[in-house]
Every structure is written in C-alpha cells, then in structure tokens.
Number of protein chains: 2
Amino acid sequence: MSELRQDPVIGRWVVIAPERGARPQEFEPEPEEDIRADVCPMCEGNERMTLPEVFAIRDSTEPDRPGWYVRVVPNKFPALRVEGELEAVETGLFPHMNGIGAHEIVIETSEHTMDLAFAPDEQIIRVLTAFRRRVEDLRRDTRFRHFVVFRNHRRAAGATLSHPHSQIIALPIIPKLLLDQLAGSSRYFSQNGRCIFCDIVQRELDEEVRIVQATDHFVAAALYASPYAYGVNIYPRRHSHDFVTMTVEEQVDLASLLRRLLMAYRSAAFNPPYNLVFQMAPSIPPACEVPQGCANMEEHYHWHIQVAPRLSSVAGLEWGTSFYINPVAPEEAAADLRKGLPSA
Amino acid sequence: MSELRQDPVIGRWVVIAPERGARPQEFEPEPEEDIRADVCPMCEGNERMTLPEVFAIRDSTEPDRPGWYVRVVPNKFPALRVEGELEAVETGLFPHMNGIGAHEIVIETSEHTMDLAFAPDEQIIRVLTAFRRRVEDLRRDTRFRHFVVFRNHRRAAGATLSHPHSQIIALPIIPKLLLDQLAGSSRYFSQNGRCIFCDIVQRELDEEVRIVQATDHFVAAALYASPYAYGVNIYPRRHSHDFVTMTVEEQVDLASLLRRLLMAYRSAAFNPPYNLVFQMAPSIPPACEVPQGCANMEEHYHWHIQVAPRLSSVAGLEWGTSFYINPVAPEEAAADLRKGLPSA
C-alpha cells in the first residue's frame with residue numbers, strides 16, 4: 001500500500017509507492033521503448049491485456065472488444081489505489097495518510113504509431129471528451145479533491161510505452177504547485193478584483209511578442225517567466241476555473257490549436273519530449289490550506305493547459321532551489337513556434 | 001545580458017539566459033563527456049584555459065600556475081553576470097530585473113579522474129574551506145541576497161565536464177524553494193518556539209529507521225517525505241542558520257561523513273548521478289517576501305546539505321503539479337545506505 005507524506009517544512013505532499021519500484025539497479029536508463037504492436041496492451045485486438053475499460057468511444061456495443069476510437073482503463077500499476085477508506089491526515093511533524101486515489105490511462109487511438117500532431121481533429125476532440133467525461137465521473141467520489149490530466153511524450157518526458165496515451169490521476173490532497181497558484185490568484189483577485197490569468201491573457205495579446213497563436217476561443221502564449229525552454233500555456237479566452245465547462249465549439253477550436261501547436265514543436269525543435277498538463281481548480285475548496293483562503297476559486301482561478309518541452313536539463317541549482325535557468329528567451333521561442341505553425 | 005523574471009502567479013524567479021543557449025538542435029542529448037586531460041580546463045597545467053582564479057589553496061605562491069589543491073575561478077559562461085548596477089525590480093504583472101549575480105567554479109582537485117567518494121578527507125576539508133571562504137567574500141557585495149553552493153555528479157545530474165567540481169551562485173533574489181522553507185520554519189517557530197529542523201533531527205534520532213549515520217556533529221537521515229528515491233539530508237546537530245559558522249572540528253567530521261555517504265551511494269545504487277546542495281539562510285532577511293515574515297531567521301532556519309540522487313524520472317505529473325511519486329520508501333533507502341556505509 002502506498003502512503004502519502006507531507007514535507008514538514010514546505011508542505012509538499014509526495015506519494016511513497018514502493019510497489020511501483022524498484023531496486024536501485026532497475027533505475028538504469030532504458031532505451032526508448034519500441035514494443036511490437038502484437039504485444040502492446042494498448043493496441044486494438046489486445047483489449048484482454050488491460051483491466052476492464054471504464055469508458056470508451058466505440059462503434060461496437062461490446063466493451064473490451066475491438067472497434068473503439070478512444071478507451072480509458074485503470075492503470076495496472078497505479079501510483080495510488082482506488083480501494084479503501086480515506087484515513088484522516090495524521091498531523092504533527094511528519095503528516096501522512098494512506099495512498100487512496102485513482103490512476104487511469106486514456107488510450108488516445110487504436111493506432112500504435114499515431115502521433116497527436118498528425119491525428120485528425122475529430123480524434124483529438126474524442127480524447128478531450130474522454131478527459132471531461134472521466135473527470136466528471138471521478139468527481140462523484142468525494143474522497144478525491146483534485147484531478148490531474150497529463151500526457152508524457154517520449155521516454156525523456158516520462159513515457160514508458162510509446163502507444164499514444166494520456167493519464168488521469170485523482171488525488172485526495174491538493175498538490176503544492178496548485179496551492180501556490182491558488183495563493184497567487186486569490187491574492188491578486190483580492191487586490192485587483194480581477195482574475196490574474198484574464199489579465200495575463202490581455203497583456204499577452206497587447207504585447208504580442210509571446211503569442212504563438214490566438215484563435216476564437218484560446219490563446220497560446222510562451223510563458224513570460226518560463227522555467228524551461230519553449231514553455232507555452234494555452235488559456236481559454238472565456239473565464240472558467242474548470243475545463244469540464246468547455247463548450248463543443250471551444251473543444252473543436254482547442255483540438256485544432258493543439259494539433260497545430262504540436263506540429264510547430266516538431267518543426268521548431270525536432271519532435272521534443274514534452275509534457276502536457278491540464279491545470280484546473282481543485283474540486284473541493286481547500287479552505288485551510290491556502291494562506292489567503294480559497295473562497296471564490298470560480299472567480300480567481302482560470303483553467304489552462306501547460307505545454308512543457310523537456311529540452312533543457314535540470315541540475316543541482318534548479319533541483320535544490322526551484323531557481324531555473326532558461327536558455328531560450330520566451331519571445332524567441334514564440335517566434336520559432338509561430339514560424340513552424342501550420343495554418344490549418 | 002540575461003534577465004531575471006518572476007512568475008506572476010506563484011512568485012518563482014527564473015533567469016532567462018539566452019547567451020548560454022542554444023538553438024533547439026543543440027538540446028539533443030550529448031554522450032557522457034570524456035574530455036582528455038590535456039584539453040581539460042580544470043586540470044593542473046591548463047590554468048591559462050580558465051579565467052584568473054579568485055581563490056586557491058596552493059603550495060606555490062604564484063596564482064594561476066600549477067601547484068594547487070583547490071582552485072576557484074569565475075565561470076566563463078555564467079548564468080548571471082557580476083558586472084553592473086542592480087536595477088530595482090520592475091513590479092506589476094510581469095516583474096523583472098537585470099541578471100546580476102556571480103557564478104564561480106570550485107575545482108575540487110587537480111586530478112581529472114578523482115571521485116569525491118575516494119578522496120582523502122584532507123582534500124574534502126579543503127573543498128569545504130573554499131566554499132566557506134568564497135561565500136564569506138561574496139557576501140561583502142551587498143547586491144547579492146542569497147548563495148547557492150552545489151555539485152552536479154554525472155551528466156544525468158547536469159554535469160557538463162567530468163573533472164570534479166562544484167559551483168557557487170550568488171543571487172540578487174531569494175529562490176522559491178527557500179522562501180517556502182522560510183515560511184514553514186518561521187510558522188513552526190512562532191507556533192512552537194523551536195526550530196523545526198532541530199525537532200526533525202531529534203525525531204529522526206528517536207525513530208532511528210531513517211538514520212543513515214549519526215556522527216558527533218552531524219546527522220544524515222533519509223528525507224521523511226523525499227520526492228525522489230534515496231533522498232538524504234545532512235543536518236548539523238548544532239543549531240545554526242549559516243554554514244560558514246562551521247567549526248574546524250565540525251568540518252573534519254563532515255568531510256568524513258560526506259565521503260562515506262558518497263561511497264554508500266556507490267555501493268547501494270551503482271554510482272548514481274546526484275546533486276549536492278548546501279541550503280542556508282539568505283544573507284538579507286527578505287522582510288516582505290515571506291507571508292509570515294523573516295525576522296529571526298537565525299533562530300528558525302537551520303542550514304543543511306541536500307543529497308539528491310537522480311534515479312527516478314520526472315514526468316508530467318511531477319512537472320505540472322510538484323506532486324512526486326517516490327518508488328523507494330525512505331526507510332528502505334536508509335537501510336540500503338547503512339549497509340553500504342564504510343566504517344571509516
């Protein structure tokens with residue numbers, strides 16, 4: 001059973017998950033995985049190799065059979081397990097709780113070698129629908145306070161299987177970076193009466209230099225203070241704290257933007273390893289965890305997608321201080337990406 | 001000229017340093033460097049290949065000539081430049097300031113292939129002396145508010161040259177992780193009237209399971225909520241916010257502990273890539289930056305050394321949330337390291 005532990009000094013929660021690891025020798029870097037399609041558990045025809053699906057968009061009516069476009073299954077080796085009662089947090093100097101959570105895999109296509117940058121928009125729309133539907137369903141479980149939807153592309157970004165997939169993790173705690181974001185957006189709102197992300201979007205549109213693409217419903221801009229090279233955030237123009245509020249029109253618009261942005265990365269930076277992370281407000285306001293309080297998260301938080309290429313290395317300075325050296329000016333990154341962006 | 005920028009939402013400073021990079025193609029992973037000793041700028045006899053030394057422990061009296069044990073030189077490709085006036089922080093939504101700082105290289109030995117784990121204790125004592133003397137000297141420059149002393153071991157931990165060396169960076173800002181630590185230690189002190197690190201050391205000694213080694217003056221313990229596998233902190237038993245207060249006796253004790261701990265890592269985890277980071281209080285109390293205030297840092301902060309092996313990978317979940325999956329229980333890590341620890 002894994003365990004959640006909180007750092008006594010900075011308040012960061014981590015999950016200690018020994019069943020996923022790993023003696024030290026198993027940490028040796030592995031070559032880029034190149035599993036054959038006939039043994040890939042995510043390929044069409046191999047549905048028996050996964051746990052039973054919890055969601056699918058499919059033609060056939062039979063679950064766990066071929067004939068699907070997108071399929072969501074529980075992770076066989078989850079970081080957090082869904083079974084069990086959530087224990088109260090053990091407080092004091094060394095806070096901890098049991099590792100309850102959910103960990104699901106969104107298989108984005110039945111095609112082993114498809115790349116999202118080359119996928120038809122309808123397929124990306126289906127993937128976004130799967131994200132929304134699964135988060136909506138998982139939210140009914142009141143043990144979970146926060147949801148993380150993310151994608152690891154290539155081994156250097158943490159992908160262990162090459163078949164295109166994303167992951168959804170449900171957490172019983174609020175992760176540190178989100179607490180920091182909520183503290184910042186809450187403070188800004190109380191001082192200015194406006195959402196800080198709305199103001200950032202407006203400022204980016206005014207300054208133009210960091211804009212990669214502005215569509216009818218979304219703005220993709222290189223991060224002003226990106227800790228890594230070529231970091232981009234995609235913000236919805238319409239203020240909302242929660243990505244499940246996306247309309248059909250917005251989803252269609254986002255699918256096209258996402259595909260073209262990934263193509264721009266391929267063209268500007270040679271198919272870099274990257275992480276995509278959907279950032280949304282937690283489901284239950286963490287009233288006591290944020291110094292400024294978390295009332296009105298609907299007003300002061302603004303969901304967005306973080307695109308984090310893994311190009312620059314992280315050394316002792318960054319790891320030990322959270323002070324990052326970014327070797328590419330965000331304005332240069334935006335210019336490079338604009339050049340590589342297909343028009344449609 | 002590099003520029004410091006602050007994230008408008010979470011307050012994290014980063015340095016945008018385009019002169020160090022790098023078009024995208026230059027990010028392609030390089031093989032482990034294996035430069036020949038005759039062209040290594042850190043080797044004895046090649047002193048002309050570095051900038052003039054700012055400190056050395058040497059037999060000969062001539063600077064920048066052979067005959068030295070430890071040599072400190074400015075980095076030829078610094079993340080932050082020492083020249084110039086520090087501009088006031090430009091506040092508002094997108095805060096920034098010019099990238100003033102110092103970036104020095106501590107060449108730990110004249111021997112190209114020496115590993116700190118096999119070095120004589122006297123040599124490690126000299127390295128610690130160089131750290132102290134350089135930080136003491138840099139502190140006279142009132143533009144700098146914080147100092148980071150760190151070591152990257154092997155390419156995967158950020159080392160670009162294999163000759164044993166550490167780095168010292170002087171910053172005009174307080175990095176995010178330290179602000180978080182100060183907020184935590186300040187809050188704990190105001191609630192309990194005690195240093196949280198002192199209490200952690202006592203609790204670790206009581207519980208025993210995470211202790212790797214306790215010496216006369218230091219306690220090395222696996223981190224209770226380590227975000228990565230085999231994370232260890234080395235705490236001085238004597239409360240002090242600042243590592244330059246180390247006595248000669250403490251320095252001798254630390255040198256032996258450090259050497260044996262690095263040997264234990266080699267034996268438990270096959271010479272893993274790692275970062276060593278010296279964590280100390282900032283030089284100027286950041287009065288306004290920490291919610292709880294930073295009065296009495298001398299009382300509530302406690303310097304320590306963070307040992308961060310780079311075994312487990314960082315994927316989208318960790319990168320996007322600061323929620324880490326650690327696949328090795330800290331108690332197991334401590335047991336493994338104890339087994340590998342030489343007695344002397």
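Every number in this text was worked out from the coordinates using simple rules, so none of it is lab data. Since the structure is predicted, the reported quantities are computational estimates derived from the model, not experimental observations. With ideal geometry, Cβ positions are generated from the backbone for all residues, glycine too; neighbour counts draw on all protein chains shown.
If you count, for every residue in A:223-231, the Cβ atoms of partner chains within 10 Å of its Cβ, what is the mean?
Numbers: counts 3, 10, 17, 4, 9, 2, 6, 2, 1.
The mean count of partner-chain Cβ atoms within 10 Å per residue comes to 6.
Let me check I have the definition right: for the range A:138-251, take the eigenvalues of the Cα gyration tensor, multiply each by 5, take square roots. What are those semi-axes in whole Å, largest first?
Values: eigenvalues 125, 88, 50 Å².
After scaling each eigenvalue by five and taking roots: 25, 21, 16 Å.
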In whole Å, what three semi-axes, largest first, describe the equivalent ellipsoid of chain A built from its Cα gyration tensor (square root of 5 times each eigenvalue)?
29, 27, 21
For B:43, B:198, which order do you get if you count the other beta carbons within 10 Å of each Cβ and list the fewest first?
B:198, B:43
Rounded to a whole number of µm²/s, how large is the Stokes-Einstein D of the range A:176-340 at 25 °C and 0.890 mPa s, given Rh as the Kirkwood radius over C-alpha pairs?
147
How far is residue B:111 from itself in the other copies, in nm, if each label sits 7 Å out from Cα along the Cα-Cβ line, shortest first?
5.8
Check which residues have an amide H placed less than 5 Å from residue B:69's amide H, if you skip close sequence neighbours.
B:57, B:58, B:59
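When the dipole is taken about the Cα centre of the protein assembly as shown, and only Lys, Arg (+1) and Asp, Glu (-1) are charged at their Cβ, what size is it in debye, to the nearest 20? The partial results should precede the final answer.
On the way: 70 positive and 94 negative charges, 63 e Å.
In debye, rounded to 20, the protein assembly as shown gives about 300.
Which longest run of chain A has no exposed loop site in it, a site being GluC sites (Glu not before Pro) in a DSSP loop with at most 11 other beta carbons within 10 Å, and the site itself not part of the run? Mind dumping the intermediate values first?
Working: sites that count: A:32, A:83, A:85, A:208.
Of all site-free stretches, the longest is A:209-344.
R0 = 30 Å: FRET efficiency of residue A:133 with residue A:77, Cβ-based, nearest 0.05?
Between residue A:133 and residue A:77 the formula returns 0.80.
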Restricting things to alpha carbons, find the Rg to Rh ratio for the range A:3-171 using the Kirkwood radius for Rh.
1.00
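If a helix is a whole DSSP H run, which ones in chain A reach 18 Å or further along their own axis (Cα) and hold a mean Kyte-Doolittle hydropathy of at least -1.0?
Within chain A the helices that satisfy the rule are A:121-138, A:176-192, A:248-269.
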Along the charge dipole of the range B:140-250, which of B:220, B:181, B:240 sits closest to the positive end, that is, farthest toward it, with unit charges on the beta carbon of Lys, Arg, Asp and Glu (+1, +1, -1, -1)?
B:181
Label point 7 Å beyond Cα along the C-beta direction, distances from residue A:335 to other copies (nm, shortest first):
5.7
FRET efficiency, 1/(1 + (r/R0)^6) with R0 56 Å, evaluated for residue A:60 and residue B:114 via beta carbons:
0.30
Treating the point 7 Å from Cα along Cα-beta-carbon as the label, what are the nm separations from residue B:203 to the other copies, to one decimal?
3.8
Explain nothing, just compute: Karplus ³J(HN,Hα) = 6.51 cos²θ - 1.76 cosθ + 1.60, θ = phi - 60°, for every residue of the range A:40-57 in order, whole Hz, x for Gly and Pro.
7, x, 9, 7, 4, x, 9, 4, 5, 7, 9, 5, x, 5, 9, 6, 7, 10
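Could you tell me which trypsin sites (Lys or Arg not before Pro) in the range B:131-236 are loop residues by DSSP with no more than 13 other beta carbons within 10 angstrom of their beta carbon?
Details: sites: B:132, B:133, B:134, B:139, B:140, B:143, B:145, B:151, B:154, B:155, B:176, B:187, B:194, B:203, B:210; in loops: B:139, B:140, B:143, B:145, B:154, B:194, B:210.
Taking the range B:131-236 and a limit of 13 other Cβ atoms within 10 Å, the loop trypsin sites (Lys or Arg not before Pro) found are B:140.
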Any residue on another chain or 5+ positions along whose placed amide H is under 5 Å from the amide H of residue B:296 is listed here as none
Return the long-range amide H neighbours of residue A:218 (sequence gap of 5 or more, or a different chain), with a cut-off of under 5 Å between placed amide H atoms.
A:237
Residue A:339-residue A:85 pseudo-label distance in nm [points 7 Å out on the Cα-to-Cβ vector]:
6.2
